[in-house]
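Written below as structure tokens is the structure these notes are about.
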Amino acid sequence: MKLYNSYSQKTEEFVPLEENKVKMYVCGPTVYDSAHLGHARCYITWDVLYRYLKFKGYEVTYCRNVTDVDDKILSKSQKEGKTPDEVARFYYQAFSKSMESLNNLKPDIEPFATKTLGEMIAINKQLIEKGHAYAVDGDVYFRVKSFDKYGQLSKQPLEALESGARVEESDLKENPMDFALWKHDEKFGYKSPWGVGRPGWHIECSAMSRKYLGNTIDIHAGGADLIFPHHENEIAQSECANGQQFVKYWMHNGFVTINKEKMSKSLGNFLTIDKILENYDANAIRFFILTNHYRMPVEFSDEALTAATAGVKRLYTAINEARKTAKIDENLNLNTCEEYQEFVEAMDEDLNTSKTLAVLFDLANKTNKEQNSRNLTLIYKISEVLGFNFDKVKICEEELKEKIDVIAKKLSADFKNMNEILSFRKTARDEKNWDLADKIRIVFDEAGITLKDTKDGTTWEIK
RNA sequence: GGAGGCAUGGCCAAGUGGUAAGGCAGGAGCCUGCAAAGCUCUUAUCCCCAGUUCAAAUCUGGGUGCCUCCUCCA
């Protein structure tokens, strides 16, 4: 399997540190606001990687942190008159719910920054001892000049960074490029050898990664906007503290754009996941994300989501229809199937999900032509590895009852259930009363249910 | 100013040397009482210019346009 490594800027053969085991760390959210489509893209992408690695038989440990100590959480808490902890907890729950709605698997470990303070302090101490960091007036800064590999991930020449110097000016720093590992904060801080304070943003990932996965890990992933300074700084901290390589494969996903611009909080041009889920289903969002290669930008539009919805529906229909006559065969040897091989080949090429969708459509076509167990199993299993959820969406009883009531009312009749209406319509059709049959179908349509007349009778489905 | 990336049919998008996957939308046909779904068929020479090569969307050079990072950001 080949993966693109941002560090080397090359697509490399993936060889885990320990045979058959993968340690992956993904930069998680700062929980101060609702997650938006950009987050959806990021976490869907890495969810697919996680699923695929597991599917390939690796024993994967997926760690995704939660940043629950941060300036934005503090300002939000002050604005809302809540404690920072309340704010963090609220948005963490909202985030988890969004992830679940998107059908993202839960990471194996989801550590909180505030629960890893001891480890952060330990790293700071090590860095100070080794001369890579210094404490001033309750702050601790990383001495960038002490790490000669600094800038290698982001390919930023040091001089360029220095002259760019949009970094915060501070009299306390030896060099404007130095970044905070610990910040003095009497009000919201935690105890430390340097006084009461809060951790810098970057140190938490170094700490959590080391604590839960070890000094060197296989994969570290996140949005491309984290390359600098976040990941660059993580490398500096971790490698200086541990004296060994921090990450073997750095992976970064591209942005979601809207009107060709990056969707982001600061630009205010974002759509929250929950908002989008009001109009489109989770499979459609995933499909939309997976049509593009994960490193490319993906432009949001209603047209794109609508197209994705149509594509998903085609796959769903094929599976759903096939399930009526065929069964999923857990014992099918996937390796002997050429479609499966195509799928693996595509995924092995740095997660070419776009190609895997073509495999799915090919299978949908085959399944529609021949609804056998083999075709059904293949399309279902591959969909599952990509994280689609094509299990029959069960409409709840009450909802269906409501719809039936609406339909009955419109038809001025007293139908109790679906069968009564359908047999009523069947009678109309048998009598070739097409006007009535069509009218009933229109009423169903208005209620959000599609009626399909097939050779074997009429079927219905929620739109 | 420095660093990185992108440009493929109406829209989205694969494809890194041998003559363009797939989806959506559109068109034609089959099926159907009509629809829906499905099936079949159907629309490109790859931003521009120059070069390398028997052969380039794919390599090189030069343009043009767009995006991202260098500040919090997935």
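The values are calculated or read from the model by the stated rules, or taken from the named source; none is laboratory data. As the structure is a prediction and not an experimental result, all values here were calculated from the model. Glycine also receives a Cβ, built like all others from the backbone with ideal geometry; neighbour counts cover every protein chain displayed. Please note that ligands, DNA and RNA were not included when accessible areas were found on the heavy atoms of the full protein model with its side chains. Shrake-Rupley method; radii C 1.70, N 1.55, O 1.52, S 1.80 Å.
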Only Lys, Arg (+1) and Asp, Glu (-1) charged, at Cβ; region A:2-262 dipole about Cα centre in debye: 700 debye
Taking 0.36 nm per intervening residue step and subtracting the Cα-Cα distance, what contour gain separates A:Ser301 from A:Asp137 on full extension? 54.1 nm
For chain A, averaging the sequence separation of alpha carbon pairs under 8 Å that lie six or more residues apart and dividing by its residue count, the contact order in percent is 15 percent
Please give the charge dipole size of chain A, origin at the Cα centre, charges +1 on K and R Cβ atoms and -1 on D and E Cβ atoms. Round to the nearest 20 debye. 800 debye
Note on region A:327-463: alpha-carbon gyration tensor, axes a ≥ b ≥ c; rule is a/c under 1.5 for rounded, else prolate if a/b larger than b/c, else oblate; result prolate
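To the nearest 0.05, how large is the calculated FRET efficiency for A:Lys409 and A:Asp329 if R₀ is 56 Å and r is the Cβ-Cβ distance? Don't jump to the answer; show the numbers that get you there.
Numbers: r = 45 Å, r/R0 = 0.80.
Step by step, r from the Cβ atoms, then E = 0.80.
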Of A:Lys403/A:Lys455; A:Lys313/A:Lys401; A:Lys173/A:Lys248; A:Lys416/A:Lys439, which pairs sit farther than 22 Å apart, going by alpha carbon to alpha carbon? A:Lys403/A:Lys455; A:Lys313/A:Lys401; A:Lys173/A:Lys248
Against the longest principal axis of chain A, how steep is helix A:282-291, in degrees 0 to 90 to the nearest 10, with axes from Cα atoms? 70 degrees
When DSSP beta bridges are limited to those with both residues in chain A, what percentage is antiparallel, rounded to the nearest 5? 55 percent
Heavy-atom surface of chain A, accessible at 1.4 Å and reported per residue (Å²): 48 Å²
Under 5 Å from the placed amide H of A:Val26, counting only residues 5+ away or on other chains, we find A:Cys63, A:Arg64, A:Asn65, A:Ala221
Students often get this wrong, so check it: of A:Lys106/A:Lys355; A:Lys324/A:Lys381; A:Lys54/A:Lys145; A:Lys265/A:Lys355, which have C-alpha atoms separated by over 29 Å? A:Lys54/A:Lys145; A:Lys265/A:Lys355
What residues have an amide H closer than 5 Å to that of A:Phe14, excluding those fewer than 5 places away on the same chain, when H is modeled at 1.01 Å from N in the peptide plane? A:Lys2, A:Leu3
Give the range of the longest stretch in chain A that excludes all GluC sites (Glu not before Pro) found in loop regions by DSSP and having at most 14 other beta-carbon atoms within 10 Å. A:20-167
In region A:11-73, what percentage of the DSSP-assigned beta bridges are antiparallel, given to the nearest 5? 10 percent
Report the FRET efficiency, 1/(1 + (r/R0)^6), for A:Lys416 and A:Glu349, where r is their Cβ-Cβ distance and R0 is 35 Å, rounded to 0.05. 0.05
For region A:404-447 the trypsin sites (Lys or Arg not before Pro) that pass both the DSSP coil test and the at-most-10 other-Cβ-within-10 Å test are A:Lys432
Amide H contacts of A:Lys155 (H built 1.01 Å from N, under 5 Å, at least 5 apart or other chain): none
Taking θ = phi - 60°, what integer Hz values does the Karplus form 6.51 cos²θ - 1.76 cosθ + 1.60 yield along region A:124-134, in sequence order, with x for Gly and Pro? 4, 4, 4, 5, 5, 4, 7, x, 8, 8, 9
Helix A:71-80 versus the longest principal axis of chain A: what angle, 0 to 90°, nearest 10, using Cα atoms? 60 degrees
Semi-axes (Å, rounded, descending) of the ellipsoid equivalent to chain A per its C-alpha gyration tensor are 51, 26, 18
HN-Hα couplings for region A:259-268 via Karplus (6.51, -1.76, 1.60; θ = phi - 60°), in whole Hz with x for Gly/Pro, come out as 6, 6, 10, 4, 7, 7, 4, 5, 7, x
Between A:Glu129 and A:Lys426, the two model label points (7 Å from Cα along the beta-carbon direction) sit apart by a distance in nm of 8.0 nm
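Per the 1.4 Å probe, what fraction of the accessible area of region A:31-99, in percent, lies on carbon and sulfur atoms?
Of all accessible area on region A:31-99, carbon and sulfur atoms account for 47 percent.
With the alpha-carbon atoms as the only input, what is the per residue convex hull volume for region A:2-262 in Å³?
139 Å³
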What list of ³J(HN,Hα) couplings, whole Hz, do you get for region A:213-220 from phi and the Karplus terms 6.51, -1.76, 1.60, once you set θ to phi - 60° and write x for glycine and proline? 10, x, 5, 10, 10, 6, 10, 10
Shape metrics for region A:207-357, restricted to C-alpha atoms - Rg then Dmax, Å: 19.9, 61
For A:Trp201, the accessible surface traced by a 1.4 Å probe with all protein chains present amounts, in square angstrom to the nearest 10, to 100 Å²
On a 0 to 90° scale, report how tilted helix A:397-410 is relative to the longest principal axis of chain A, with both axes built from alpha carbons and the result rounded to the nearest 10. 50 degrees
